[in-house]
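Working notes, structure below.
The values are calculated or read from the model by the stated rules, or taken from the named source; none is laboratory data. The model shown is predicted, which means the values in this text are computed figures rather than measured ones. Glycine gets a Cβ as well: all are built from the backbone with ideal geometry, and neighbour counts include every protein chain shown. For accessibility, only protein heavy atoms count, side chains too; no ligands or nucleic acids. Shrake-Rupley method; radii C 1.70, N 1.55, O 1.52, S 1.80 Å.
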Amino acid sequence: MTRASRHVAGRLPRRSTGMPSQPGAPEAPSASPAEVTGRPARLDRLAVVTVVPAVLALAAGLWDLGGPPPWRDEAATVSAVGRTLPQLAHLLQSVDAVHGLYYALMHVVAGLSGTAEVALRIPSVVAGALAAAGTGALGRALGAPRAGLYGGVLLALMPIFSRYVQEARPYAMTAAAAVGVTLLFLRVLRSPTSAVLAAYAAALTVLAYLNLFAFLVVGAHGVALILSRGPLLRWACAATPALAAVVPLAWLGSRQSAQVGWISRPEAGDVGRLAVQLFGDLGGATGPGVAPLTWALALFGLAYAAVVGVRRARAARRAEKLAETPTEERAETPAALMRLTLPWLLMPALVLLAASRALHPVYVFRYVFCCVPAAALLAGAGLAALPPGLAAAVLAAWLGLSAPGQFATRGPDGRQDDPRPVMALLATEAKPGDGVLFVPAKVRKYEAVYPSVFGRLRDVALARSPEQDGSFPGREVGTRVLAARLDGLRTLWVVGHTGKNAMPARRRALVARSFAPAGRWTFRGLFVDRFDLRHPHRSNGAGVGK
């Protein structure tokens with residue numbers, strides 16, 4: 001058996017001075033043209049392929065970080081992390097156990113910097129920078145540093161990436177963890193020592209505890225390992241204990257499945273939006289966006305890998321005939337990158353979509369956001385295959401197409417709801433002592449985000465606070481107690497989610513008995529109704545009206 005060969009597309013293989021590769025183990029990365037000539041390219045250095053994407057991701061994440069309005073899920077984060085640890089543990093027993101690790105981490109952050117939205121979003125920005133840097137490192141580890149550099153840059157500047165990097169939720173951390181786990185997976189392929197296997201198993205467990213559905217990445221790794229003819233048994237020895245560690249979380253999450261009861265079965269439109277969002281766009285009305293160009297780059301990268309694979313296979317066969325000694329087949333760098341990224345890109349999303357159609361609806365794009373780095377790396381491979389001048393021009397065009405999405409995600413329509421005009425209205429119009437009702441009760445989460453606004457109002461329906469109840473909405477009083485609390489109020493404000501703006505019939509009748517509608521305001525995702533007392537000088541039953 002000859003030593004492992006290094007060769008560039010279109011050339012005969014050259015013998016390497018390294019040790020022969022072992023059967024089933026992945027090859028060392030193929031040499032770039034600069035390395036073949038002995039002149040290492042400056043752009044291929046580890047510091048460049050990691051630092052440049054990280055800096056760009058930090059800049060994009062910090063740009064107008066306080067601009068996007070805090071939406072309902074971020075309000076849940078504020079409500080959770082502002083509690084004591086016993087109160088947080090009480091909450092996780094009934095809801096959001098799958099986010100327990102994130103809430104615990106953010107509890108520490110809140111203790112250090114408070115619960116202001118910018119302070120709670122900073123960890124996501126840092127995680128986004130790590131994900132972009134890790135994408136560059138992945139490309140370099142696969143022997144394609146230019147693909148890693150371009151992929152990290154594309155990821156850092158994708159509008160969909162900014163969308164999740166600029167919010168106080170676990171999805172940016174999940175993406176960074178998925179990239180880190182995949183880097184460890186490459187170590188498992190190349191050097192499956194006990195320490196590496198243990199680190200991989202631990203990282204998989206952390207990934208799952210950040211986002212349970214992100215654990216599907218381990219299946220993508222299994223497919224990539226089979227395609228690469230890697231050490232399947234050793235990989236299974238690491239993946240199995242991680243799976244065992246995740247089972248309790250999955251069991252507890254299944255007992256709290258009511259919290260995802262709002263998810264509907266995916267339709268054809270959801271599949272279309274998935275294809276747009278995975279490749280960088282928000283999926284909204286922000287113009288053509290970057291997705292079509294990202295698709296084109298990824299497809300070009302796939303075609304280039306196929307052509308290079310064919311040419312190298314032919315060159316290897318010619319070399320074997322000339323030497324009359326069979327050379328050991330090695331996977332080409334482009335093909336190795338494709339074998340890793342394609343399962344990572346497709347498998348988690350397809351599994352969730354299939355489960356949502358056949359079993360129970362669980363698919364939401366943010367649950368597979370951790371697959372976006374794979375799309376960025378694929379597109380980066382396409383850019384790297386272009387001549388440098390053309391690659392720069394295409395990248396410039398891509399940046400121009402990304403601008404509408406970047407502005408949109410930082411605007412008032414960048415999230416599912418916008419509470420700021422609601423708070424401005426209440427701060428201006430509501431008087432201290434006015435009553436407030438929440439429809440549904442979980443809108444009460446905003447009390448934790450805007451205590452200065454709601455602290456002036458009487459929460460007339462609250463029987464037990466969210467902290468005492470171990471929930472987000474708390475526990476509310478019955479109709480009879482609510483009637484007594486409404487007595488004496490001059491103004492009642494109703495704050496609710498649009499689409500869920502119907503009070504229960506008995507409660508609505510109770511309000512209508514004493515109050516008249518005095519105004520309605522509708523904002524993105526939220527509404528406010530004002531009710532004024534019908535007869536301000538109403539007696540207690542003696543005299544007028546008796």
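Taking Gly280, is it open to solvent by less than 70 Å² (accessible area, probe 1.4 Å), outside any helix (DSSP H, G or I) and modelled with pLDDT under 80? Here the answer is no, as Gly280 does not meet what is asked. Taking the numbered list (1) closer than 19 Å to Arg366 by Cβ; (2) at pLDDT 95 or above in turn, Ser257 passes all entries but (2).
Out of all the residues in segment 149-175, which are assigned to a helix (DSSP H, G or I), open to solvent by less than 10 Å² (accessible area, probe 1.4 Å) and more than 15 Å from Val49 (Cα to Cα)? Scanning segment 149-175 gives Pro159, Ile160, Phe161, Ser162, Val165, Tyr171, Ala172, Thr174, Ala175.
Filter segment 418-429 for residues that are surrounded by fewer than 21 Cβ atoms within 10 Å (Cβ to Cβ) and either outside any helix (DSSP H, G or I) or among the hydroxyl-bearing types (Ser, Thr, Tyr) (or both); which is farthest from the chain's Cα centre (by Cα)? The qualifying residue farthest from the chain's Cα centre (by Cα) is Thr428. In this structure, is Gly269 without any contact (Cβ under 8 Å) to a residue 40 or more places away in the chain and either outside any loop (DSSP other than H, G, I, E, B) or surrounded by 20 or more Cβ atoms within 10 Å (Cβ to Cβ) (or both)? For Gly269, the condition - without any contact (Cβ under 8 Å) to a residue 40 or more places away in the chain and either outside any loop (DSSP other than H, G, I, E, B) or surrounded by 20 or more Cβ atoms within 10 Å (Cβ to Cβ) (or both) - is met. For the residues Ala137, Ala141, Ala97, the requirement of being closer than 14 Å to Pro53 by Cβ, of a type outside the set (D, E, K, R) and in contact (Cβ under 8 Å) with a residue 40 or more places away in the chain singles out Ala137. Taken over segment 453-506, the criterion of being touching a residue at least 40 places away in the same chain (Cβ under 8 Å), in a loop (DSSP other than H, G, I, E, B) and within 12 Å of Asp434 (Cβ to Cβ) is satisfied by Leu489, Arg490.
The condition (being under 22 Å from Asp73 (Cβ atoms) and surrounded by fewer than 19 Cβ atoms within 10 Å (Cβ to Cβ)) is satisfied by just one residue among Ser465, Ser471: Ser465.
Checking the condition open to solvent by 20 Å² or more (accessible area, probe 1.4 Å), touching a helix residue (DSSP H, G or I) at 6+ places or on another chain (Cβ under 9 Å) and part of a helix (DSSP H, G or I), which residue from Ala104, Ala80 passes? Testing whether each residue is open to solvent by 20 Å² or more (accessible area, probe 1.4 Å), touching a helix residue (DSSP H, G or I) at 6+ places or on another chain (Cβ under 9 Å) and part of a helix (DSSP H, G or I) leaves just Ala104. In this structure, Arg255 does not satisfy being open to solvent by 30 Å² or more (accessible area, probe 1.4 Å), at positive phi and either of a type outside the set (S, T, N, Q) or over 18 Å from the mean Cα position of the chain (by Cα) (or both).
Okay, residues lined up against (1) under 27 Å from Pro70 (Cα atoms); (2) in contact with a Phe, Trp or Tyr (Cβ under 7 Å, 6 or more places away or on another chain):
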| site | (1), (2) |
| --- | --- |
| Met106 | yes, no |
| Gly114 | yes, no |
| Gly128 | yes, yes |
| Arg140 | no, no |
| Arg146 | no, no |
| Leu155 | yes, yes |
| Met158 | yes, no |
| Arg163 | yes, no |
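Arg366 meets the stated requirement of being of a type in the set (D, E, K, R), surrounded by fewer than 23 Cβ atoms within 10 Å (Cβ to Cβ), modelled with pLDDT of 95 or more and on the phi < 0 side of the Ramachandran plot.
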